[in-house]
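A short worksheet on the structure shown next.
The values are calculated or read from the model by the stated rules, or taken from the named source; none is laboratory data. What you are looking at is a predicted structure, and each value in this text was computed from that prediction instead of being measured. Quick reminder, even Gly has a Cβ in these numbers, built from the backbone with ideal geometry, and neighbours come from all protein chains shown.
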Amino acid sequence: MTQHLTLRTRTTAAGMVMQLAGELDHHTAPKVRDALPGLALRPGQQLVIDLEGITFCDSSGITALIAARNHALNADAAIALAALPERLARILRMVGLDQVFPTHPTAQDTEDAGQTVSD
């Protein structure tokens, strides 16, 4: 049975939020990568990826998260992950990506943190 991925984006004062729900895997990760060029990020802004609704994530999903990070960095923007399911947080810790992705309990916490940061 193939699961689907729901992807929604919204603009905030701090930048963009990409909200994902469902399975982030080999079949659905291209949907995330394909959406990245459409995210208009300006220098100093932040891309937040809200993962609260993710029920499964494989290596292709992690690769899509890295692609999102690269997209943000290429725009001189920051990236943060929000509402990581514990299973995914554990995988990121195991492979060292917890050192690469700032994380916050909720997307709102991430947006608030982004608004208080100034260069």
Review point. Using beta carbons and a limit of 7 Å, which pairs, at least six apart or on different chains, have the first residue in region 3-30 and over 15 Å from residue 107 (Cβ atoms) and the second one among the acidic types (Asp, Glu)?
Key: 3/23; 5/23; 25/58; 26/58
Review point. If we keep just the residues of region 83-114 that are over 15 Å from the mean Cα position of the chain (by Cα) and under 20 Å from residue 16 (Cα atoms), which is modelled with the highest pLDDT?
Key: 112
Study note, to complete from the structure: Subset of region 86-112, residues closer than 20 Å to residue 9 by Cβ and not in a helix (DSSP H, G or I), comes to 101, 102, 103, 104, 106
Practice item. With the condition kept exactly as written, say whether any residue in region 35-47 is in contact with a Lys or Arg (Cβ under 9 Å, 6 or more places away or on another chain) and under 15 Å from residue 89 (Cα atoms). Key: no
Review point. In this structure, is residue 26 more than 14 Å from the chain's Cα centre (by Cα), surrounded by fewer than 14 Cβ atoms within 10 Å (Cβ to Cβ) and under 18 Å from residue 95 (Cβ atoms)?
Key: yes
Check your understanding: In region 58-82, what count of residues is obtained for those that are hydrophobic (A, V, I, L, M, F, W, C) and either at pLDDT below 95 or out of contact with any strand residue (DSSP E or B) (no Cβ under 9 Å at 6 or more places or on another chain) (or both)?
Key -> 2
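Among the listed residues 42, 69, which satisfies the condition of being within 20 Å of residue 100 (Cβ to Cβ), touching a residue at least 24 places away in the same chain (Cβ under 8 Å) and not in a strand (DSSP E or B)?
Only one candidate passes the filter, namely 69.
Can you tell me which residues in region 45-66 are outside any helix (DSSP H, G or I), under 19 Å from residue 22 (Cβ atoms) and not small (Gly, Ala, Ser)?
48, 49, 50, 51, 52, 54, 55, 56, 57, 58 - these are the residues of region 45-66 that are outside any helix (DSSP H, G or I), under 19 Å from residue 22 (Cβ atoms) and not small (Gly, Ala, Ser).
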Review point. Is it true that residue 21 is out of contact with any Gly (no Cβ under 6 Å at 6 or more places or on another chain) and not acidic (Asp, Glu)?
Key: no
Check your understanding: So is residue 36 touching a helix residue (DSSP H, G or I) at 6+ places or on another chain (Cβ under 8 Å) and part of a loop (DSSP other than H, G, I, E, B) or not?
Key -> no
